[in-house]
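Each remark here refers to the structure printed beneath this line.
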Amino acid sequence: MTKFSTRCVIIGLICLAFICLQYNFLFRVYFPHRVRTFRKPHPDALIIGVRKGGTRALLEALNLHEAVRIVRKETHFFDANYTLGTGWYAEQMPQVDAEEQIIIEKTPGYFTSKNAPKRVHQLNPKMKIILIVRHPVFRTISDFTQVYYNKLEQNKTLPILSIESFKIDEKSGKEVINLDYKPVSNSLYDVHFENWLKYFDLSQMHIVNGDVFRANPLNELRRLETFLQLPRQIQASQLHFDRKKGFFCFENLKKSSKIHCLGQSKGRKHREVSEKTQKKLADFFRFHNFQFFRLVNRTFSWDL
Ligand code: A3P
């Protein structure tokens with residue numbers, strides 16, 4: 001009797017193993033993309049900023065490429081969440097099907113973070129770094145607009161750019177720029193980029209002209225495909241200019257949902273800022289812009 005039941009258990013186990021093998025075989029035949037997925041420990045490329053430079057649109061546009069997988073949320077790993085550890089960071093990565101597929105993460109806070117360059121280098125000295133910049137005066141106004149609406153939502157006192165951006169110097173009694181004000185200091189591209197150059201060679205970093213990208217994404221995307229060593233694939237037909245929004249929307253062939261435009265907080269009307277304030281900001285940024293051009297060996301049309 002005992003022998004009989006042992007035999008039954010063994011036969012049962014063999015049958016179960018057989019069914020599992022069959023199931024696995026059929027699964028591989030019908031869902032090959034599901035079986036072979038795996039997780040990379042970290043991204044291959046980072047969009048480090050600049051905040052309000054067009055980072056979300058750039059990430060979405062790069063995601064049109066077959067070989068690109070993106071981290072949807074900003075992880076803030078190298079600035080705010082570093083103590084959570086590399087294991088946590090790995091868990092944030094999307095699955096990939098092949099080693100050739102690349103993962104891109106974007107957190108604009110990395111660009112202005114003192115610690116991020118060193119930490120990124122420690123994790124992967126070969127990381128490809130992407131920075132999208134934009135006219136610093138309009139970037140500042142965009143940043144300010146975002147801060148303004150955040151404060152409005154939280155019922156807080158509303159800021160005025162011309163007041164926040166300048167202060168009286170105690171020694172000279174003259175009006176100077178307020179470098180403690182983030183919407184201003186975030187636009188000092190030279191200062192932040194110099195930190196990155198301490199750890200990464202310029203050849204490892206790619207600068208996207210955000211103003212050009214916004215108006216004509218394809219050229220900037222072509223240059224990025226080359227930088228990321230991806231086959232040329234993103235097509236003009238995947239980029240749809242939405243007249244109502246005034247921006248390009250993206251047709252991702254990997255997804256069933258058709259054309260995707262960015263949300264309301266991207267490309268919204270800026271808070272009104274007087275010409276005088278714009279001019280004062282432009283005068284202040286001029287020196288920093290030239291320093292940045294020197295660092296990146298390239299110029300941008302940022303006159304006002
Ligand atoms: P504005 O809101 O000042 O127009 P980020 O994603 O880094 O926060 O950048 C937001 C900016 O992306 C927007 O700033 C907008 O100008 C720019 N942008 C570029 N291409 C865009 C697109 N296709 N859709 C929406 N915004 C886009």
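The values are calculated or read from the model by the stated rules, or taken from the named source; none is laboratory data. Fair warning: this is a prediction, and the values are worked out from it, not measured in the lab. All Cβ positions, even for glycine, are placed from backbone atoms using ideal geometry, and neighbour counts span all protein chains on display.
When each of 208, 191, 212 is tested for being touching a strand residue (DSSP E or B) at 6+ places or on another chain (Cβ under 7 Å) and closer than 24 Å to residue 278 by Cβ, the lone residue that passes is 208. Beta carbons closer than 7 Å, at least 6 apart along the sequence or on distinct chains, pair a first residue in segment 140-161 that is touching a residue at least 60 places away in the same chain (Cβ under 8 Å) and of a type in the set (Phe, Trp, Tyr) with a second that is within 12 Å of the ligand (Cβ to nearest atom) and in a loop (DSSP other than H, G, I, E, B) for 144/271; 148/271. Among the residues of segment 246-277, those identified as in contact (Cβ under 8 Å) with a residue 60 or more places away in the chain, polar (S, T, N, Q) and away from the ligand (no atom under 14 Å from the Cβ) are 274, 277.
Scanning segment 94-124 for residues that are over 14 Å from the mean Cα position of the chain (by Cα), in a helix (DSSP H, G or I) and farther than 15 Å from residue 205 by Cα gives 119, 122, 123. Would you check which residues across segment 161-214 are more than 19 Å from residue 145 (Cβ to Cβ) and among the basic types (Lys, Arg) and list them? Correct list: 167, 171, 174, 198. Scanning segment 56-93 for residues that are free of Cβ contacts under 8 Å to residues at least 40 places away in the same chain, in a loop (DSSP other than H, G, I, E, B) and not hydrophobic (A, V, I, L, M, F, W, C) returns 72, 73, 74, 75, 76, 79, 81, 92. Determine whether segment 183-206 contains at least one residue that is in a strand (DSSP E or B), of a type outside the set (Gly, Ala, Ser) and surrounded by 15 or more Cβ atoms within 10 Å (Cβ to Cβ). Looking for residues that are in a strand (DSSP E or B), of a type outside the set (Gly, Ala, Ser) and surrounded by 15 or more Cβ atoms within 10 Å (Cβ to Cβ), one finds at least one in segment 183-206, hence yes.
Under the condition of being among the hydroxyl-bearing types (Ser, Thr, Tyr) and either in contact with a helix residue (DSSP H, G or I) (Cβ under 9 Å, 6 or more places away or on another chain) or under 28 Å from residue 298 (Cα atoms) (or both), the residues counted in segment 202-260 number 2. Annotation note: Cβ proximity below 6 Å between a residue of segment 44-55 that is closer than 19 Å to residue 184 by Cβ and in contact (Cβ under 8 Å) with a residue 24 or more places away in the chain and a residue that is within 6 Å of the ligand (Cβ to nearest atom) and in a strand (DSSP E or B) (sequence gap 6+ or interchain) occurs for no pair. Scanning segment 125-170 for residues that are more than 14 Å from residue 184 (Cα to Cα), out of contact with any strand residue (DSSP E or B) (no Cβ under 9 Å at 6 or more places or on another chain) and either in a loop (DSSP other than H, G, I, E, B) or modelled with pLDDT under 95 (or both) turns up 125, 126, 154, 155, 156, 157, 158, 170.
Total residues in segment 50-67 satisfying the condition of being buried (at least 23 other Cβ atoms within 10 Å of the Cβ) and either within 6 Å of the ligand (Cβ to nearest atom) or among the acidic types (Asp, Glu) (or both): the figure is 4.
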